[in-house]
1. So is Gly250 touching a helix residue (DSSP H, G or I) at 6+ places or on another chain (Cβ under 9 Å), surrounded by fewer than 12 Cβ atoms within 10 Å (Cβ to Cβ) and at pLDDT 95 or above or not?
2. If I go through the range 270-289 residue by residue, how many of them are surrounded by fewer than 12 Cβ atoms within 10 Å (Cβ to Cβ) and within 29 Å of Val80 (Cα to Cα)?
3. Condition first: without any contact (Cβ under 8 Å) to a residue 40 or more places away in the chain and assigned to a helix (DSSP H, G or I). Can you find one or more residues in the range 273-281 that meet it?
4. How do the pairs read when you match residues in the range 209-220 that are in contact (Cβ under 8 Å) with a residue 60 or more places away in the chain with residues anywhere that are buried (at least 20 other Cβ atoms within 10 Å of the Cβ) and of a type in the set (D, E, K, R), using Cβ under 8 Å and keeping only pairs 6 or more apart or on different chains?
5. Mind checking which helices (runs of 4 or more DSSP H) fall wholly inside the range 179-246 and carry at least 2 residues that are open to solvent by 50 Å² or more (accessible area, probe 1.4 Å) and more than 15 Å from Thr23 (Cβ to Cβ)?
6. Could you give me the residue pairs with C-beta distances under 9 Å whose first residue belongs to the range 231-260 and is free of Cβ contacts under 8 Å to residues at least 40 places away in the same chain, whose second residue is assigned to a loop (DSSP other than H, G, I, E, B) and open to solvent by 80 Å² or more (accessible area, probe 1.4 Å) wherever it lies, and which are 6+ apart or on separate chains?
7. Could you identify the single residue in Thr48, Thr40 that is in contact with a Pro (Cβ under 9 Å, 6 or more places away or on another chain), modelled with pLDDT of 95 or more and in a helix (DSSP H, G or I)?
Amino acid sequence: MNSIIMRAISSDGGIRVIYCDSTELVKKSCEIHHTSKTMTAVLGRALTGTSLMAILLKDKDNTLTFQLRGDGPCGSVVCVGDYMGNVRGYADDPSVELPPNAVGKLDVGGAVGRGSMYIIKDLGMNEPYVGVAPIVSGEIAEDLTEYFATSEQTPTVCALGVRVDHDNMCYAAGGYLVQLMPGYYEEDIPILEGNIGKMESVSKLIADGKTGEEIIAMILEGIGYEMFDEFDIDYLCPCDREKYLRALIGLNEEDMNELREAGEPVETNCRFCGKKFVFELDELDAARAEARRKPADSEE
């Protein structure tokens, strides 16, 4: 089984639906970060929301970073997605566990707290686009709905959900965006509101075995539409040893002297995927010497 994105558009082009079953990629994040029950839900929702937003990017080199900087005990949450909806992410403290909230659900809002939410789009220009909005609830879906309304002036309904078993492992996760596009028909709005209002949570629908086609059909019942496309997505991290070597080459001499005094190999750790890369000091010195020679060589 793979995580998937499905997209549909109403026959008049006025309504866009983007649906995501992110169960498998959220499972991967659980395994990588050893998340608590609450943090499985926090990170799972954030990853799903990032995927739904990232596929709105236009170019294969574009990326979208979603940051939650709240005052809750989990600290900051950072997720990055590419234009195909693949994502990676981490939380400052993935072990935070809280009692259920007032309605008996995992307390995602309590873990995130209040603060600011950032949507950073790297579109290959000199400066990235940065959108900022307040964290209105910490439940993430409501926060993204507010972001689209205030920062992008796009009427949007966002739903996100994660189901967690007794071993803190995700067994159902997903979400959807429903957006009104220019030229939408006003008479479709009460139909959409009625359809979405009577639906069960997206995570329960997925846990009960509903397919993406069935969930989209529930959202757009009574409105003509066409399925646009469907493709797999995954939890992917592009980190590699060369990336970290380039970063270490850029250290100033004072920092390098501290490493030499310690006399130990340098170990790096990727926060997104947990991979570790170890560099011997001799290797770093040789790579730094080579980097210093290259500009001179290029001028000859």
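1. no
2. Residues in the range 270-289 being surrounded by fewer than 12 Cβ atoms within 10 Å (Cβ to Cβ) and within 29 Å of Val80 (Cα to Cα): 1 in total.
3. Yes, because at least one residue in the range 273-281 is without any contact (Cβ under 8 Å) to a residue 40 or more places away in the chain and assigned to a helix (DSSP H, G or I).
4. Short answer, once both residue conditions are applied: Gly212/Asp21.
5. Here the list reads 188-198, 212-219.
6. Here the result reads Cys239/Lys275; Asp240/Lys275; Arg241/Lys275, each pair linking the range 231-260 to a residue that is assigned to a loop (DSSP other than H, G, I, E, B) and open to solvent by 80 Å² or more (accessible area, probe 1.4 Å).
7. Thr40
Yes or no, residue by residue, for (1) buried (at least 22 other Cβ atoms within 10 Å of the Cβ); (2) of a type outside the set (A, V, I, L, M, F, W, C):
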site: Glu97; (1), (2): no, yes
site: Asp122; (1), (2): no, yes
site: Met125; (1), (2): no, no
site: Pro128; (1), (2): no, yes
site: Asp143; (1), (2): yes, yes
site: Ala149; (1), (2): no, no
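The values are calculated or read from the model by the stated rules, or taken from the named source; none is laboratory data. Keep in mind that what you see is a predicted model, and the values were worked out from it rather than measured. Methodologically, a virtual Cβ is constructed for each residue, glycine included, from the backbone with ideal geometry; neighbour enumeration extends over all protein chains shown. Accessible surface is based on the protein model in full, side chains and every heavy atom, while ligands, DNA and RNA are left aside. Shrake-Rupley method; radii C 1.70, N 1.55, O 1.52, S 1.80 Å.
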